[in-house]
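Here is the structure we will look at, set down as structure tokens.
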Amino acid sequence: MPKEIKSLVAISQDILARHLEGLDDVGSTPYSLLKPALRKATPKQLFRIEKANPHLRQECNELWLNHCLSYVDIREAYHQGEHQDPTKWRRTYMQRFKETERKRELISAKVKKQYTKIQNEKAAKSIKVLSGYVPTQGRGSSSYDNAKRNQTSKLFQETRRAANRSHAMYRPTQQRSSSSIFVSNKSHRSLPLSTNIVPVSKPTSILSKAYNNLRQQHLSPPQHFISQPLIPPPSHRIELPERQVEKKHNNTNQIYMKKPTSITTTTTTTTTPFKTTTLSKRKRLESPISRKETQSRKPAALVNYDIFKQLS
Amino acid sequence: MSTNNETPSEYVKLISADGFEFVIHREAAMRSGTIKNMLVGPAQFKESFEKEIPFRDIKAVILEIVCRYLYYKWQYEGCTTEIPEFKVDPEVVLETLMTADFLEC
């Protein structure tokens with residue numbers, strides 16, 4: 001079947017329709033020739049061409065109908081009989097177009113606003129890397145201590161304090177010094193001894209005095225609480241004057257005044273008494289020790305209760 | 001498309017407004033409705049006798065395109081195979097449109 005060759009007119013119109021963007025002044029070209037091409041023009045193009053060719057404006061009215069009908073609501077109105085005036089079609093379209101534009105802008109502004117809001121919130125909540133030091137409220141370790149203190153119950157703290165106090169006198173100074181940082185914040189009244197630096201013993205508390213008196217009276221050595229031997233073996237001489245929690249003493253009130261620096265003793269025998277609690281053993285031990293003490297020239301390590309009395 | 005005139009019956013000459021002469025086959029020229037009328041019509045027209053048709057309003061550029069189209073049409077009419085597209089330069093398409101409309105081709 002031989003195909004019909006397209007007329008040059010038709011070919012030209014097709015090419016024109018494809019290149020409407022570049023169309024400006026049509027010169028003397030009649031509307032009839034331009035119509036097939038203009039029907040394919042977008043509203044924007046049509047508006048521009050009308051502007052360039054005002055004499056075509058009247059004839060282009062019909063072209064605006066199609067553009068108006070692209071809006072569903074107008075199309076329905078048209079089918080019901082409205083929008084019959086061709087001259088108004090252009091205006092109708094323009095109004096509708098501007099309305100749509102305005103609505104779109106509002107929506108986009110709204111969305112943008114919400115987006116930036118969310119972005120700001122995110123930025124505020126995000127974890128930022130800081131350079132340098134962030135100032136803390138307390139200083140170093142004390143803040144940890146304080147935090148620890150605040151967390152433990154008051155009752156527990158009080159109990160601990162009381163226990164510390166009662167056990168403090170049995171503990172040698174060295175031990176106490178290590179815990180003094182923590183304990184020192186609390187009251188000092190129960191600690192009878194001085195710090196680790198100064199060997200001189202401080203005035204004793206009432207409690208410790210009472211304790212010592214009782215001990216003197218009953219001559220019962222404290223057995224459970226002593227962690228170290230009261231009198232070190234003769235091989236070891238301890239320079240530090242430890243307060244020797246002494247075992248017995250004498251109902252005879254034999255008090256041995258010794259220099260605090262040197263501590264030597266009849267040690268071996270003295271260690272044993274701590275293990276035994278019976279009176280008989282005590283008596284047995286008493287005599288050898290006292291004898292040895294009297295015999296030895298070296299000073300014995302004894303607690304001189306008089307010192308406490310003197311210093312108080 | 002030479003400017004020289006040869007066999008009078010077989011060729012016709014189309015003369016543009018700016019003096020260019022296009023000699024084309026009579027058969028090709030017949031594909032244009034207007035030219036056909038000029039050539040075939042009553043002998044009162046000078047053109048039908050002389051076989052020269054001057055066009056005082058058509059530029060040579062456009063006339064050349066028209067002649068090209070006339071040959072294109074003469075070549076491919078009745079052809080069943082694939083026909084290539086006839087291309088026109090967009091710059092002159094408006095004038096071509098008007099001329100084509102005038103020449104009825």
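What to note about this one:
- Selection count where residues are farther than 13 Å from A:Gln13 by Cβ and surrounded by 14 or more Cβ atoms within 10 Å (Cβ to Cβ), scope region A:25-56: 9
- Against the criterion of being under 14 Å from B:Ile35 (Cα atoms) and either surrounded by fewer than 18 Cβ atoms within 10 Å (Cβ to Cβ) or at the interface with another protein chain (Cβ under 8 Å from one of its Cβ atoms) (or both), B:Ala60 does not qualify.
- Some residue of region B:79-98 being out of contact with any Lys or Arg (no Cβ under 8 Å at 6 or more places or on another chain), open to solvent by less than 50 Å² (accessible area, probe 1.4 Å), more than 10 Å from chain A (Cβ to nearest Cβ) and more than 27 Å from A:Asp25 (Cα to Cα): no
- Residue in region A:106-115 that is in a helix (DSSP H, G or I), of a type in the set (Phe, Trp, Tyr) and without any contact (Cβ under 8 Å) to a residue 12 or more places away in the chain present: yes
- Considering only residues in region B:9-33 that are assigned to a strand (DSSP E or B) and touching a Cys at 6+ places or on another chain (Cβ under 8 Å), the one that is surrounded by the most Cβ atoms within 10 Å (Cβ to Cβ) turns out to be B:Leu14.
The values are calculated or read from the model by the stated rules, or taken from the named source; none is laboratory data. Since the model is a prediction, treat every value here as computed from it, not as a measurement. FYI the Cβ positions are ideal-geometry reconstructions off the backbone, even for glycines, and counts take in every protein chain you see. The area values use the complete protein model at the heavy-atom level, side chains included, leaving out ligands, DNA and RNA. Shrake-Rupley method; radii C 1.70, N 1.55, O 1.52, S 1.80 Å.
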